[in-house]
Each structure stands twice: as structure tokens, then as C-alpha cells.
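Scroll down for the structure; my scribbles are underneath it.
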Amino acid sequence: MRRAPLSNDFSWSKSRHEKFSECLRAYYLYYYRSWGGWEADAPKDVRELYVLKKLANRFSWAGSMVHECIKDVLLDWRAGRVVDPAAVEAKARKLMQDDFRHSRGKAYWTQKYRKQFTGLVEHEYGDAVPDDAWKQNWETVRSALAWFFASRWPQLAQGLKPEQWLEVDAGFDFAHFTLEGLKVFAIPDFAFVDADGMTVVVDWKTGKSREGYDEQVLGYALYVSQRYRVPLEKIRASLVYLNEGLEQDVTVDPSAMESFHKHFSQSVANMRALLKDPATNTPLDVSAFPPTDTLTSCARCVFRRPCGREAAVLQLQRPQQVA
Ligand code: SF4
């Protein structure tokens, strides 16, 4: 039986907002022009955009590796299984070595690999990345896992009763809620009920702490509030910086929520203003989505070739490579 075609419905997420804010052209290519690129009979340019949009960079790759490992560990603990931290590290290392080989050979153009990883933008565009930088990338993963296993989290998680577990990185199909009639994706890395009866949402972070993450966890708080019918005053939100060993609580109160709502409404209005038909999520012509003037954004962008910015990025990188 032939499946009904998927429709490109409008939804909101923090990452969609970030793409929209950084470069409208990248936003258009990512959310609209690449749509359907998974189909065997997709036009060549759509297929190319689709493969490119799936690429990670080395920092997001390290981050998702840590997230995947911690997710598996938490699910093991939830099921009462014993976890060996050395085995987790060894498995992550082997997987990253396999990922690296797959990516360096650009096999993502022709082969299916694994859902969470297809390849790296650095390999696609031949970016000059010194060996030390690749080693540092592994060190980010290793040290984040080491901190996690030595932190208070293993004891906390293993001490939770079955009814205290809510979610562990439940994925797009499950973790979404409705705000002002719109589907909003918000996937907490970990959600549980603590010993005091507070619902806690956690976001693991790799790399350095920076501003702007608060809104992300406020979105998680709204999500768990809706899904589990918990009043907001009974929710705590926490950012855990695994590489810095820092934990930051984010206040979930009416004024934080008001600012989240305001920001959300403005972001949605800006996105909708670039739709020809909001009912079908049909965008305006590509010309309504101009390329950014910030070349440093292009230097991180997966679309720099189809966008015509590959040469400009090379020019930008050359002095650094010579230095
Ligand atoms: S290469 Fe630059 S201008 Fe083009 S889509 Fe990417 S960020 Fe935007």
C-alpha cells in the first residue's frame, strides 16, 4: 500500500528560530527547498540540499554523541541494568572512529548509515581541520562523559522509583506541545519528579556555557506542564554544562513565561510574514529569503555550495590556513 505523502506543516522550535535569525536563505533551503529530498525520484538539486542539510559539524557531532551515550545510560538505569562507564567511553570512541571514516569518504552521498549521523560539513567542503582539533573533539566527548559519571546524576537517576521517571530524550514524534494553536517541538534530555515532588527538566550541554539557553528549557517546562498536567510553579528547569561541571537552574516563573510567550509570538509572526499561504505553509519566492552578509555564518553553513558562497568562504579561510 502506498503511504500518504508527508506534508510540510508549519511548526516552531528553538533551532528553527535560530536558523531564521542567522540566515534567511539557509532557513528557506533547510525548511522548504530541501523538502522531499529523501524520495528516490526527487529532483537533483532538492536531493543535494537534503543530503547537505543532514550534515553535522564537528562540535554538534561531539554534542550529539554525548547526548546519545547519556540517553542510553539513563535508559539502562531506568530498566535496572548495570552500566560500566569504561564500556560507554569505549563504545563512543569506536562509533566516532566509524563515523569519521564514513564521513571522510563522503559515503553519505550514496549509503545509508545511522539515523543520528550522516557526515560532517568539514569533510564535504575539505575544510582544513588540524589533527589537534579532531583530538580535542574527542576530548570534549570523553571529558563530558567522565564528569557525568563522577557527578551527582548517576546516584540520583539510579535512586528514582519507576513512577518518578518521566522521559529520557523522547524524540520528535513524542515531545511536542501546542502553543497558540501551533505545534512546538521541545525535547528535554531528561525529565523526572524529584524527592520533593517537583518536576525537573534537564538539558545537557557540551562546550562552554553561554547566554540564550534559558528559553530552551522554559520551552521544556511548558511542554512537561502540558503533557503531565503539572502547574508551572511545580517545575524546575536545569542546564547542566558537562564540560565545565556547572549546573544552572533557570527560574520558571510568570515573568520568565511572559517573556518566552512574547518572544515566541514575535518569532512566529516573523516566520509567517514570509509565507505566501500560511494554511499550506507555502513560502514566498526565494528572493524573499536573502543570503546573509555575515561570511562567518557561511563558513559554518552546509549550503555554501548551492548558495554560491563556497569561493567566498575559501577566501575567508585562506589567511587563517596560511597563518
Ligand atoms: S552559505 Fe551563507 S548565505 Fe548561503 S545559506 Fe549558508 S549562511 Fe546563508
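Does Ala62 satisfy the criteria of being within 16 Å of the ligand (Cβ to nearest atom) and touching a residue at least 60 places away in the same chain (Cβ under 8 Å)? No: the conditions fail for Ala62. Checking Gln158 against (1) surrounded by fewer than 15 Cβ atoms within 10 Å (Cβ to Cβ); (2) farther than 30 Å from Gly197 by Cβ; (3) touching a helix residue (DSSP H, G or I) at 6+ places or on another chain (Cβ under 6 Å), only one condition comes out false. Which one? The failed condition is (2).
Only helices (runs of 4 or more DSSP H) whose full extent lies in segment 70-154 are considered here, and the ones with at least 1 residues that are within 20 Å of the chain's Cα centre (by Cα) and hydroxyl-bearing (Ser, Thr, Tyr) are 85-104, 131-150.
Checked against the criteria, Leu49 does not count as under 22 Å from Gly171 (Cα atoms), aliphatic (A, V, I, L, M), at pLDDT 95 or above and within 21 Å of the chain's Cα centre (by Cα).
Please find, among Thr118, Thr110, the residue that is among the hydroxyl-bearing types (Ser, Thr, Tyr), assigned by TED's automatic domain parsing to the domain that holds Ala56 and in contact with a His (Cβ under 9 Å, 6 or more places away or on another chain). Show your work before the answer.
Details: Thr110 fails: in contact with a His (Cβ under 9 Å, 6 or more places away or on another chain).
Testing whether each residue is among the hydroxyl-bearing types (Ser, Thr, Tyr), assigned by TED's automatic domain parsing to the domain that holds Ala56 and in contact with a His (Cβ under 9 Å, 6 or more places away or on another chain) leaves just Thr118.
Looking across segment 273-323 at every residue that is near the ligand (Cβ under 9 Å from one of its atoms) and over 25 Å from the mean Cα position of the chain (by Cα), the one that is nearest to Ser11 (Cα to Cα) is identified as Gly308.
Quick one: which of Tyr213, Tyr220, Tyr241 is within 20 Å of the chain's Cα centre (by Cα), more than 18 Å from Leu179 (Cα to Cα) and buried (at least 18 other Cβ atoms within 10 Å of the Cβ)?
Details: Tyr213 fails: buried (at least 18 other Cβ atoms within 10 Å of the Cβ); Tyr220 fails: more than 18 Å from Leu179 (Cα to Cα).
The unique qualifying residue is Tyr241.
Condition first: of a type in the set (Gly, Ala, Ser) and either within 12 Å of the ligand (Cβ to nearest atom) or without any contact (Cβ under 8 Å) to a residue 60 or more places away in the chain (or both). Now tell me which residues in segment 14-59 satisfy that.
Ser15, Ser21, Ala26, Ser34, Gly36, Gly37, Ala40, Ala42
Tell me, please, whether a residue that is under 30 Å from Phe59 (Cβ atoms), surrounded by 18 or more Cβ atoms within 10 Å (Cβ to Cβ) and not charged (D, E, K, R) can be found in segment 303-310. Checking segment 303-310: at least one residue is under 30 Å from Phe59 (Cβ atoms), surrounded by 18 or more Cβ atoms within 10 Å (Cβ to Cβ) and not charged (D, E, K, R).
The values are calculated or read from the model by the stated rules, or taken from the named source; none is laboratory data. Since this is a predicted model, take the numbers as computed values, not measurements. Because the Cβ atoms are built from the backbone with ideal geometry, glycine has one as well, and the counts that use them run over all protein chains shown.
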